[in-house]
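Please treat every number below as a calculation from the coordinates, not as lab data. Remember, it's a predicted structure, so these values are computed and weren't measured experimentally. In this analysis, Cβ positions are derived from the backbone assuming ideal geometry, glycine residues included, and neighbour counts consider all displayed protein chains.
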Amino acid sequence: MMVDKIFFYFTFSSPFGKITIIWKEMNLQIKLQRIFLSDPGANSEDKAFKEFENFLLKGKASLISILVDKIQNFLVGKDVVFDLGLVDFKRCTEIQKKVLLAEYGIPRGWFSTYKRIAIKIGILNGARVVGNALARNPFPIIIPCHRAVKTNGELGGFQGGVKMKQTLLQMEGIKFSESGILSSNNLYY
């Protein structure tokens, strides 16, 4: 196994099922490669092994332990700010990186639409581009892609499932109608 192809992983429990974090150690630095959320169709560890095949070793690092604590606090409704210093954006295209950074800029308790994010980063008629970039967000939770919705107030998709997306938004104070449409005015961008 080539050293540059070795990734470390750690799986932990959350109120939304198991979460698996993948990282690489490069030049004595930890660089986050991927976060997998479990969803109704597959658990996070299975997703991780499917994408990274035979290149995973179970690991533990103090920075990862700190990140796990932050994620767990976030997932029970605490206000947590994530540092992008651990994130390795080399896995993203330039457009996806722009989308993810715009999404990261949406504060807790606010949301935006795929269309508004597209306009913010200069892609006219780019709602689908934004939606696709967020669907492949390698760093859910750290990059809060649950804060992007359709223009009509419907939730759209989410890697952890739509129920998780709605719950995360509700924990941040976002209101919904009885039919599941956003009824909050905290629109960003």
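Tabulated data
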| quantity | calculated |
| --- | --- |
| The chain, helix-only ellipticity at 222 nm - DSSP H runs n ≥ 4, -39,500 (n - 2.57), divided by all residues, nearest 500 | -9000 deg cm²/dmol |
| ³J(HN,Hα) computed for each position of the stretch 19-33 - Karplus, 6.51 cos²θ - 1.76 cosθ + 1.60, integer Hz, glycine/proline x | 10, 10, 10, 10, 9, 10, 9, 10, 6, 6, 10, 8, 10, 5, 9 |
| Volume of the Cα convex hull of the stretch 14-53, divided per residue and given in Å³ | 59 |
| The stretch 171-176 - phi-based ³J(HN,Hα) in whole Hz, Karplus 6.51/-1.76/1.60, Gly and Pro as x | 5, 8, x, 6, 9, 10 |
| Fewest-first sequence of 84, 182 by Cβ atoms within 10 Å of each Cβ | 84, 182 |
| Over 20 Å (Cα to Cα) - which of 18/70; 70/90; 47/175; 50/98; 31/58 fall in this group | 70/90; 47/175; 50/98 |
| Order by protection proxy (mean Cβ within 10 Å, highest first), peptides 143-151, 100-108 | 143-151, 100-108 |
| Placed amide H near residue 33: partners under 5 Å, 5+ positions off or other chain | 22, 23, 24 |
| More than 23 angstrom apart: percent of Cα pairs within the chain | 42 |
| Rounded tilt (10° steps) of 94-104 against the dominant C-alpha axis of the chain | 70 |
| Proximal charge balance of residue 170 [Cβ under 13 Å; K/R count +1, D/E count -1] | +4 |
| Residue 148 long-range amide H proximity, modeled H, under 5 Å | 112 |
| In sequence order, calculated HN-Hα J values of the stretch 106-122 (Karplus, 6.51, -1.76, 1.60; Hz; x Gly/Pro) | 7, x, 4, x, 10, 8, 9, 10, 4, 5, 5, 5, 4, 5, 4, 9, x |
